[in-house]
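Working notes, beginning with the structure itself.
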Amino acid sequence: MSAEYAGQSLAPERRAIGAFGDRIFHGVTAVSALIVLALIMGIAVSLVIGAWPALSKFGWHFVVSSEWNPVTDDYGALVAIFGTLVSSALAMLIAVPVSFGIALFITELAPLWMRRPISTAIELLAAIPSIIYGMWGLFVFAPFLSDYVQPWLNDAFGDVPIVGYLFSGPPIGIGVFTAGLVLAVMVIPFITAVMRDTFEVVPSVLKESSYALGATTWEVARSVILPYTKTGVIGGIMLGLGRALGETMAVTFVIGNSHSIPNGLFYPGNSISATLANEFTEATGELYTSALIALGLVLFVITLIVLVLARLLLLRLSAQEGR
Amino acid sequence: MTLYQKRKAINHFNMAMCVLTTIFGLFWLVWLLWTLVSHGIGYIDWQVFTEPTPAPGNDGGLSNAIVGSVIVTAVGTLIGAPIGIFAGTYLAEYGRGSRIAAVVRFFNDVLLSAPSIIIGLFVYEIVVVTMGHFSALAGGIALSLIMIPLNVRITENMMRLVSDQMREAAAALGIPRWKVITRIIYRAALSGIITGVILGIARIAGETAPLLFTALNNNFFSTNLLAPIANLPIMIFQFALSPYEDWHHLAWVGAFLITFAILALNVVVRFVLRPSK
């Protein structure tokens with residue numbers, strides 16, 4: 001201590017050391033932050049470069065053709081894009097209402113002591129690795145569907161126009177339908193988490209005043225909570241959609257990996273991520289590899305659009321919150 | 001039915017649906033965990049931990065895959081966690097309120113949900129093609145890219161929870177900023193930052209897609225960072241899709257081990273390191 005007091009003339013020197021340390025630490029953290037930016041740009045650039053041979057050869061044909069033939073070196077992404085979009089759409093159809101119900105239950109209905117355990121349990125669904133969903137889907141869920149659910153759905157709805165498409169095909173358990181269901185379970189925790197967080201920021205004054213006017217819990221949810229949290233809810237849904245679109249391992253196990261447009265959702269299909277997982281390491285020839293990277297680029301662009309929209313909506317919500 | 005009764009009925013119906021959807025959500029968790037326990041637990045013995053993966057029909061275990069998974073996850077954490085924590089520090093301290101920080105934060109959130117298979121493709125093109133072969137290092141780098149956005153997010157949030165009075169009090173004593181951050185803010189936010197790292201480890205330990213094109217797999221015991229390495233997720237993928245019954249059993253054992261390790265990390269973080277709000 002005494003040395004510090006005695007060394008008052010050292011003060012400028014120490015300040016210089018402090019400023020030097022500051023410059024270094026500032027630099028290190030800033031560079032780390034820039035790495036994040038560099039990453040997302042690097043991903044985009046490397047995908048475009050890798051995909052270029054295929055894209056320049058096929059052009060628009062790549063996106064609209066359903067041909068995928070490594071033997072004749074003719075590639076089109078339509079089947080994979082179709083499978084990705086349809087399985088994700090089916091997943092959202094199930095996951096959105098379910099997540100809404102769970103979030104409402106956690107924030108409005110459940111007794112206080114129950115809220116944390118239930119939130120945690122739902123969050124754990126997101127912690128389970130996707131490969132586990134895939135294995136479970138293939139060995140447990142798919143046989144269950146093919147034995148008990150699909151034959152019944154086939155009989156009940158198979159002949160109805162339009163809706164029938166959802167429920168037609170061989171009841172083998174493997175296919176776009178199963179992929180959609182497994183995806184639904186996987187994205188429920190993500191959508192629920194966002195919805196729960198946004199529902200929690202609704203000022204209790206608003207809720208209490210409508211309760212005081214005699215509104216039921218459902219009416220409060222529909223006319224107070226939902227309008228107030230609209231942007232957040234949509235943002236959460238988009239976030240879940242982004243997850244579903246890019247999900248790989250679970251889909252690879254159950255979608256069936258068939259390179260033709262399915263005639264019904266029970267038919268096997270393919271998705272972008274599943275095609276990549278199955279074929280990339282075995283791809284021989286520059287064009288084949290490049291076509292697969294082009295598939296990755298398509299997936300990247302689709303998810304980027306969805307995720308950017310989701311984040312913009314959520315940003316708008318937090319801007320509201322700050323006011 | 002009067003209007004009042006109708007409203008009440010609608011309310012009861014919808015609230016019942018909320019309860020049902022919650023049960024529906026929890027039902028999958030129970031089913032998944034039960035599947036893992038019932039399929040996996042019966043085949044766990046010492047061999048699993050002491051012997052490497054077998055040829056079909058032979059006896060063997062998962063030692064190479066377990067060690068490989070630990071190595072790849074460790075490499076991912078060692079690369080990813082520091083970058084993530086420093087970037088989060090920048091967003092919470094030096095870059096606070098600046099335009100560049102807002103841009104980084106935004107794209108970090110996008111990266112957080114980006115498909116992991118795309119990250120695998122990226123690392124394949126950057127690292128694997130450059131090195132000329134698959135390697136544990138490439139796998140670790142791929143995993144670190146998944147770790148980074150997670151740590152950026154959590155570190156920033158946790159450092160922001162530290163009150164500005166503390167920063168101002170330290171600054172008033174004439175302490176340089178980097179010392180304020182490393183000695184005071186980090187200390188106050190420590191449990192939160194560690195939570196982020198552990199959650200990151202839990203997340204990357206089970207990732208399969210980014211390893212497919214980077215670490216590949218190896219049926220033999222290897223700790224070489226520059227060679228392909230065995231790891232649990234890819235082993236599960238290959239063994240589960242194989243036609244051999246005994247490989248299926250090992251895949252279930254691997255699935256059981258990895259899932260319960262990850263769930264344990266998650267539960268520990270939630271109950272031991274619960275950040276004070």
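Just so it is clear, none of the values below were taken in a lab; they were calculated from the coordinates. None of the values given here were measured: they were computed from a predicted structure. Positions of Cβ are generated from backbone atoms using ideal geometry, with glycine treated the same way; all protein chains shown enter the neighbour counts.
From least to most packed, judged by other beta carbons within 10 angstrom and beginning with the fewest, A:Phe280, B:Phe220, A:Phe300 follow the order B:Phe220, A:Phe280, A:Phe300. Of A:Met41, A:Met238, A:Met135, which has the largest mean-square fluctuation in a 10 Å C-alpha GNM of chain A? Checking each option, the largest mean-square fluctuation is seen for A:Met41. Among all helices in chain B defined by DSSP H, which have a length of 15 Å or more along the axis from Cα atoms plus a Kyte-Doolittle mean of at least 0.5? Span-like helices in chain B: B:3-40, B:63-92, B:99-112, B:136-161, B:190-205, B:245-271. Which value, in debye to the nearest 20, describes the size of the charge dipole of the protein assembly as shown about its Cα centre when Lys and Arg Cβ atoms bear +1, Asp and Glu Cβ atoms bear -1, and nothing else is charged? Value, rounded to 20: 2620 debye. Computed over chain A, the per-residue total of -39500 (n - 2.57) for DSSP H runs of n ≥ 4 gives a 222 nm mean residue ellipticity of -23500 deg cm²/dmol, rounded to 500.
Helix hunt in chain A: which complete DSSP H runs extend at least 18 Å axially by C-alpha with mean Kyte-Doolittle at least 0.0?
Flagged H segments are A:11-58, A:78-104, A:112-127, A:176-200, A:226-246, A:286-322.
For the range B:128-196, taking the reciprocal of the average inverse distance between every pair of different Cα atoms yields a Kirkwood hydrodynamic radius of 14.3 Å. Looking only at B:Ile184, B:Ile141, B:Ile201, which one moves most when chain B is put into a Gaussian network model with springs between Cα atoms under 10 Å? Among B:Ile184, B:Ile141, B:Ile201, the largest mean-square fluctuation in the Gaussian network model of chain B belongs to B:Ile184.
Across A:Thr275, A:Thr192, A:Thr217, mean-square fluctuation computed from a Gaussian network of chain A (C-alpha pairs under 10 Å connected) peaks at A:Thr217. Other residues whose C-beta falls under 13 angstrom from the C-beta of B:Ser63 contribute a net charge of -3, scoring Lys and Arg +1 and Asp and Glu -1.
Based on the alpha carbons, how large is the Rg to Rh ratio for the range A:63-319 when Rh follows Kirkwood?
Ratio of gyration radius to Kirkwood radius for the range A:63-319: 1.04.
Between A:Thr281 and B:Ile44, the simple spin-label model (points 7 angstrom out along Cα→Cβ) gives 2.6 nm.
Ranked by Cβ crowding within 10 angstrom, fewest neighbours first, how are A:Leu312, A:Leu183 ordered?
A:Leu312, A:Leu183
With neighbour counts taken as other beta-carbon atoms within 10 Å, the residues A:Val306, A:Val202, B:Val70, A:Val176 rank, fewest first, as B:Val70, A:Val202, A:Val306, A:Val176. Over chain B, DSSP H runs of length four or greater, each weighted -39,500 (n - 2.57), average out per residue to a 222 nm ellipticity of -22500 deg cm²/dmol.
On full extension, the segment bounded by B:Met1 and B:Leu226 gains 73.5 nm, given 0.36 nm per residue less the C-alpha separation.
The range A:121-190 and the range B:13-87 have their alpha-carbon centroids 21 Å apart.
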